[in-house]
1. Amide H to amide H under 5 Å from Gly631: which residues, 5+ apart in sequence or cross-chain, H placed 1.01 Å off N in plane?
2. Run the numbers for Ala536 and Arg786: contour at 0.36 nm per residue of separation, minus the present Cα-Cα distance, in nm.
3. Modelling each spin label as a point 7 Å along the Cα-to-Cβ direction, I'd like the Arg20/Leu116 distance in nm, to one decimal.
4. Using 7 Å Cα-to-Cβ label points, what is the Glu234/Val474 separation (nm, one decimal)?
5. Pop out the carbon and sulfur fraction of the accessible area of region 448-502 as a percent, whole number, probe 1.4 Å.
6. Note down the net charge around Ala766, summing +1 for each Lys or Arg and -1 for each Asp or Glu among other residues with Cβ under 13 Å from its Cβ.
7. Would you tell me the accessible area of Asp688, worked out with a 1.4 angstrom probe on the heavy atoms of the protein chains, in Å² to the nearest 10?
8. FRET efficiency for Asp688 and Asp593, Cβ-Cβ distance as r, R0 = 35 Å, nearest 0.05?
Amino acid sequence: MPAPRPPQGHARLEAESPVRILTRYILREVLSWAAVGVTLFTFVFFMPTVGRILEVAVRNSAPLLSLAQLILLTLPGFLVWTIPMGVLVGILIALSRMAADSEVTALRASGIGAGLFLRVVAMFAVAAWVLALVNALWIAPRSAAAFAGLQEQLKSTQAPFEVQPRVFYEDFKNYVLYVQDTGVASAGVVWKRVFLADLTTPSAPKLTLAEEGVVVNESPTTLRLELNNGWQHEVDPRSPKDYAVTKLEKSTLHIDLPESPGPQPPGSLSYPEMSNQQVLDRARTGTAAQANWSWVELHRRLALPTSCLVLALVGIPLGLSAHKGGKSTGFVLTLLLVFVYYFLWLTGVSLGRQGQLAPGISMWMANVIFLAGGLLLYRRVNRMPIEIGSFRGLFPWMRQHVLRRAEKVGGGFERAASPRRVFGAGFPQILDEYVLRDFAAYFGLVLSTFTLLTLVFTFFELLGAIIRNRVPLVTVGEYLLNFLPSVLYMMTPLSVLIAVLVTFGLMEKANEITAMKATGISLYRIVVPVLAVGLALAVGLFFFEREVLPRANKRQDALWNAMKGKPPQTYLRADRKWIFGQQSSIFYYEFFDPDRNQFGRLAIFQFDPQTLSITRRIYATRVHWDENLQGWIFAQGWERTFRGPAIERYEKFDVRTFPDITEPPAYFKKEVKQSSEMNYEELSGYIDDLKQSGFDVVRLRVQLHKKLAYPLITFVMAVLAIPFSLSAGRRGASAGVAMAIGIAVVYWVASSLFENLGNVGALPAALAAWSPDLLFALIGGYFIFRLPT
């Protein structure tokens, strides 16, 4: 009788070798952390871009498919950089964790050396190298070209929707437009009470006023404007007495759109948008400078993907040597190595483009240096592990040092430091201190990590300008120091989100939440300290933005211009030649000297605010301010008054004053200030000032409400993270970080979408700014109340 056959699954397990099991185990660890690393770094790159993408999409009424295309087409350009970073993250964190848990020591004791890790990680690194190479050579250039084409296509359509009511629109060729209201009809966009100035002859603009106008896209370059019940005012600049007012029952105007670059020839494309063949053709046929840049670009597309291999070779010995640090040591080593590698790489790019080094040498310099370092480290670790201490050990040392110094300064520090003595016996209790201690540790670690990442990437972006303009390191340091407050302001809500997810996720994984519930403590009571800290941080962010951020942003802007080799930026808009007056009047001038308070060829149109019909028109060749009279002196001009469409009076003058023109010189010297450089009160006053002059304040109103809404999202993120942390707790910290990044991406996209809808007037400014807070608060509250407490 034949022996019974073992089950097929057991036979497969018995046949599977231990080496294959270890290979699969190591690959799974490395892949999971590499995916988190790529996602994290791509998110940091993506954050500044999503707002610009959504602005283009919303302003041009792009369909959802086009919006998705715009977002997806940006990713390959980011992945050129983030795939090598993710490779290093995966290797260092996975191997550091295994070394800290003594798994590497156990494998060495069983006779398995570093060679196994090298073979396993080599498979992963080669696969990542092939993926990065395909992306850099083919996918990224095509995506960049497609993104530029789609962006221009969107900009050339739906132009009528860009016109905002009660704002001068000056983007049409030879026309300035003002409408009191807008609407949408089946035939197109409806403009109500239209003021249109034809500036073909700037010294004598032809005015067209109409009760209503319907505008449609006639072609990609032309708008058709059909006006109903209007009047046209026209004057001969050589003979001012000849003035014509024409009734327009129905009329049609064709308005040229701003010229779009359209499809660009290969020679005018930017390097990231060019195919490999186009870059090679420019290298062979272009000028010496173009050829040099082209060869640098070709070597760049090969050298960056190859960094996957050299960074992996460096990461293996360092990861195996981090016995005490674990994941934190792996992540810190990743930041240090990424900084060193990209510093060397960008230095090579700059030297190569300037012709100081051959492109082949400059672009491969960083890879060669890291390859040599990796071989030396691997040879060393294969014989004996390199001792790399834990970075966590710095925190206890710093804490003890602070306590010792505090005791020397004055006794009773520990009594003052006890929260229970300050707030009473009810809050915080021992459990609150325990939760807050873990939350504060993770919050500090995450915030410092994101801050350091952003500063490093900012330094990389500026490195070319720093080398080219020979900027002193002191200036660079001062810029980064003034850039730091805005980074902390932007990253605090995201850091709170991740810290809450990791804190309660690990507590849930260790069954600590279950133990607390078993003692009769409600889940709502457990999360109170974190919610209290989130609310305190929200209040702190508001005052931080009010008192610190505007001054830092002003200084940062000045230093940025200095490093870029630009003169100090002035925001005085000399090109703004159409301004609303204080008493139902419009000022138009061809020249204004703000130092001498003088106008050249000034026209003033006074109108009926109800019908927008002109009641008086004043023109003067020269106008200047007289301090003694505290008024304007008009020279060489004329005045007309109207009764409906009829001219009631016409008078020429050599010199004259108009007492009812009371706007002082400062009224015409309005600066275009950045909303980020003003606090809430300053921005509110600035909006009132600009609105009176007929300038676009829609964007500024959205930013005004965001100064209140954005700090509160810190508390909302804490609320939202609690239910998600408990559901993801069993999957560990990596799942918590990945979930946090996903939530953050959704928030940033939603926030930018609502903001841009507010910018174009599709939503009220307050609703556009507060919608993300309300939406995410409702989602978080809903899930919290569904949790078993």
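The values are calculated or read from the model by the stated rules, or taken from the named source; none is laboratory data. If you're wondering where the values come from, they're calculated on a predicted model, not measured in any experiment. With ideal geometry, Cβ positions are generated from the backbone for all residues, glycine too; neighbour counts draw on all protein chains shown. Only protein heavy atoms, including side chains, enter the accessible area calculation; ligands, DNA and RNA are left aside. Shrake-Rupley method; radii C 1.70, N 1.55, O 1.52, S 1.80 Å.
1. When sequence neighbours closer than 5 places are left aside, the close amide H contacts are Asp626.
2. 87.4 nm
3. 1.5
4. 6.5
5. Details: 1410 of 2040 Å².
Ligands and nucleic acids excluded, carbon and sulfur reach 69 percent.
6. On the way: positive: Arg701, Lys706, Lys707; negative: Glu755, Asp773.
Neighbour charge sum, excluding Ala766 itself: +1.
7. 90
8. The pair Asp688/Asp593 has a calculated efficiency of 0.85.
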